[in-house]
Amino acid sequence: MTSTAIAPYRIHHVAINVTDLQRSIDFYERIIGLSVTDKADHSAKLSIGGAELTLFQLPSDIELVGKPDADHVRGLNHVAFEIPSSAFDIYHQRLVDQDIKITFGPVKRRHGYALYFLDPDGNKIELFYSNSSSRNE
């Protein structure tokens, strides 16, 4: 097992694909007790401690049965780990060196960069840094 002095700060958010955004917002507010912190046409962020639950509205033409390799399937979309900006290239190179396929990215985001890959069970993982983070190095 390879250890590293560089580690993510925290789980930043968990993203879930949903078929009806408002119905899901109502559920997470009413049943779980979360509150909406940001809402767009096709997504909403809900606060949960120091992290977020992000709901993404699936396009109406997406077949929900889906294939294992489909980009849009029902359920968990990805888990995002926030890392220092100084570590982004190190993580990127580590994935390349370990022959881990990067499924998307690196991609510029509004406040930083992100890249996506799959864990051994096919769960989508995001590594990102934010220029607006107080922990950014």
Size descriptor, Kirkwood hydrodynamic radius, that averages inverse alpha-carbon separations across segment 1-46, Å: 12.8 Å
Other-chain or far-sequence residues with amide H under 5 Å of Glu52's (modelled H): His13, Val14
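Quick note: the coordinates plus some simple rules give every number you see, no bench work behind them. A quick note: this is a predicted structure, and the numbers were derived from the prediction, not measured.
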